[in-house]
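The values are calculated or read from the model by the stated rules, or taken from the named source; none is laboratory data. Just so we're clear, the structure is a prediction, and the values are computed from it rather than from any experiment. Cβ placement follows ideal geometry from the backbone for every residue including glycine, while neighbour counts extend to all protein chains displayed. Ligands, DNA and RNA are excluded from the accessible area calculation, which covers all protein heavy atoms including side chains. Shrake-Rupley method; radii C 1.70, N 1.55, O 1.52, S 1.80 Å.
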Amino acid sequence: MKFDSPDAVEILPAGEEHLESLASLAVVIWRQYYPSIISWAQIDYMLAGMYAPETLRADLAHREIRFFRLLVAGRFVGFASLGPASAAQVMKLHKLYLLPEFHGRGLGRRLLQYCEAEACRLGARRLLLCVNKRNLRALQVYQQSGFIIAESITVNIGGGFVMDDFLMTKDLPTVGDPTLRCL
Ligand SMILES: CC(C)(COP(=O)(O)OP(=O)(O)OC[C@H]1O[C@@H](n2cnc3c(N)ncnc32)[C@H](O)[C@@H]1OP(=O)(O)O)[C@@H](O)C(=O)NCCC(=O)NCCS
């Protein structure tokens with residue numbers, strides 16, 4: 001089932017008051033989705049690091065990272081985050097997560113398009129992201145949305161774990177370009 005009714009789906013900014021529920025949602029999504037991709041130990045390690053309250057608060061307050069919530073009929077079912085990258089006019093998509101029961105209905109693409117439009121609005125000309133090489137579903141979604149694999153990267157994240165990712169990039173249209181689809 002696709003959610004064609006504009007009333008059913010909302011994408012809203014997440015502020016500090018939403019970070020706790022966002023972290024709880026991340027735990028549910030990661031524990032359902034990632035066991036086929038990374039080990040349980042790595043899931044717990046990464047959740048504890050990336051979604052700790054102080055990490056999320058610092059993302060928001062000091063790293064200029066914006067968070068967005070995706071709601072379906074008022075229920076918080078997914079989120080994304082976006083922030084500046086080291087180069088000028090480049091932004092990084094840090095997170096894009098939906099509850100598995102909502103996958104495959106066009107919602108991930110909508111949230112991604114929303115983030116692309118936000119990045120354009122903020123002056124970015126390129127968006128980059130990292131995705132686990134074994135996350136074939138996400139890789140397909142990104143490729144179908146125009147991202148290309150730029151590099152293979154392996155990052156030591158401590159605790160004996162590595163992130164074995166592809167760095168993907170997409171050149172963004174400028175604001176006013178009709179190919180830039182905004183919600
Ligand atoms: C990645 C994710 C956000 C995609 O969201 P989604 O709602 O499932 O994807 P959509 O339904 O919007 O699909 C977007 C496109 O990808 C395609 N697609 C979706 N799942 C696919 C799959 N398993 N295989 C091939 N193509 C797929 C769809 O067909 C669609 O293309 P279309 O519009 O031309 O039909 C979602 O699956 C998710 O949250 N995954 C878990 C977390 C994750 O991996 N996040 C990314 C971290 S880098």
| field | Which listed residue is near the ligand (Cβ under 9 Å from one of its atoms), open to solvent by 60 Å² or more (accessible area, probe 1.4 Å) and not β-branched (Val, Ile, Thr), from Arg66, Arg109, Arg75 | value | Arg109
| task | Within the stretch 168-183, track down each residue that is modelled with pLDDT of 95 or more and surrounded by fewer than 15 Cβ atoms within 10 Å (Cβ to Cβ). | result | Asp171
| remark: Scanning the stretch 119-141 residue by residue, the ones that are in contact with a strand residue (DSSP E or B) (Cβ under 6 Å, 6 or more places away or on another chain) and farther than 30 Å from Ser36 by Cα total 3
| said: Looking at the structure I just gave you, is Ala124 part of a loop (DSSP other than H, G, I, E, B), farther than 23 Å from Val162 by Cβ and open to solvent by 50 Å² or more (accessible area, probe 1.4 Å)? | reply: no
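Can you confirm whether Pro100 is surrounded by fewer than 20 Cβ atoms within 10 Å (Cβ to Cβ) and touching a Phe, Trp or Tyr at 6+ places or on another chain (Cβ under 6 Å)?
Working: surrounded by fewer than 20 Cβ atoms within 10 Å (Cβ to Cβ): yes; touching a Phe, Trp or Tyr at 6+ places or on another chain (Cβ under 6 Å): yes.
Here the answer is yes, as Pro100 does meet what is asked.
If you check Leu25, Leu82, which single one turns out to be assigned to a strand (DSSP E or B) and open to solvent by less than 30 Å² (accessible area, probe 1.4 Å)? Walk me through it before giving the result.
Working: Leu25 fails: assigned to a strand (DSSP E or B).
Leu82 is the lone residue from the list that is assigned to a strand (DSSP E or B) and open to solvent by less than 30 Å² (accessible area, probe 1.4 Å).
Can you name the residue in the stretch 33-47 that is of a type in the set (Phe, Trp, Tyr) and within 19 Å of the chain's Cα centre (by Cα) and is also nearest to the ligand (Cβ to nearest atom) among such residues? Quick ask: steps written out before the conclusion?
Of all residues in the stretch 33-47, those of a type in the set (Phe, Trp, Tyr) come to 33-34, 40, 45.
Checking the rest, the ones that are also within 19 Å of the chain's Cα centre (by Cα) come to 33-34, 45.
Details: Tyr33: 4, Tyr34: 8, Tyr45: 17 Å.
If we take residues in the stretch 33-47 being of a type in the set (Phe, Trp, Tyr) and within 19 Å of the chain's Cα centre (by Cα), then Tyr33 is nearest to the ligand (Cβ to nearest atom).
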| query | From the list Ala73, Ala26, which one is touching a Phe, Trp or Tyr at 6+ places or on another chain (Cβ under 7 Å) and among the small types (Gly, Ala, Ser)? | reply | Ala26
